[in-house]
Amino acid sequence: NLLADEESANIAVLHSELSNEELAEFDEALKALALAYRAIGLACVGVNGDRELGEALKAEPSRYTYFPAPAGHTFIFRLVSSRDEAREWAAARDAEAQAWAEGLPLRSADELRTYH
């Protein structure tokens with residue numbers, strides 16, 4: 001269990017309104033998923049099938065993962081491995097995403113204890 005070796009608070013999750021509604025109780029599982037990818041955070045960018053996600057997923061497929069909700073939606077998450085990467089990604093988004101990026105507890109995945 002990767003999350004058992006890592007402080008849960010070191011991994012940040014940014015939810016969309018819908019993912020917060022459907023996945024709030026699964027934050028620990030989402031954090032474990034982030035750790036499996038050696039990421040320090042993950043941000044919900046939409047639901048599988050959203051047309052606007054297509055280009056981003058094609059351009060950088062390794063930066064995304066998914067998490068199915070019991071309600072039936074499959075949420076797409078953007079993985080981040082450093083605060084700088086998160087800032088760059090969040091710059092084109094809203095103030096909430098920018099604040100999330102600035103508030104990431106770790107500077108980079110190199111600080112994860114799980115991988116040392």
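Just so you know, all these numbers are worked out from the coordinates, no wet-lab data involved. Keep in mind that what you see is a predicted model, and the values were worked out from it rather than measured. Glycine also receives a Cβ, built like all others from the backbone with ideal geometry; neighbour counts cover every protein chain displayed.
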Relative contact order for the chain using alpha-carbon pairs under 8 Å, separation at least 6, rounded to a whole percent? 30
Extension gain (nm, one decimal) between Tyr66 and Arg113, 0.36 nm per residue minus Cα-Cα: 14.5 nm
Hey, what's the Cα Rg ratio for segment 2-111 versus the globular rule of thumb, 2.2 N^0.38 Å? 0.99
For Val47, other-chain or 5+-apart residues with amide H closer than 5 Å (H placed, Pro excluded) are Ile76
Net charge of Cβ neighbours under 12 Å - reference Ala9; Lys, Arg +1; Asp, Glu -1: -3
Of Gln98, Ser82, Ser62, farthest towards positive along the dipole that unit charges on Lys, Arg, Asp, Glu beta carbons give the chain: Ser62
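In deg cm²/dmol and to the nearest 500, what is the mean residue ellipticity at 222 nm of the chain if only DSSP H runs of at least 4 residues count, each as -39500 (n - 2.57), divided by the residue total?
-9500 deg cm²/dmol
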Give me the extension gain from Arg38 to Arg87: residue separation times 0.36 nm, minus the current Cα-Cα distance, reported in nm with one decimal. 15.9 nm
Distance in Å, no decimals, from the C-alpha centre of segment 22-40 to the one of segment 80-116 is 14
Test of the criteria: in segment 81-116, which trypsin sites (Lys or Arg not before Pro) are in a DSSP loop and have at most 15 other Cβ atoms within 10 angstrom of their Cβ? Arg93, Arg107
For segment 1-50, which GluC sites (Glu not before Pro) are both in a DSSP coil and crowded by at most 14 other Cβ atoms within 10 Å? Glu7
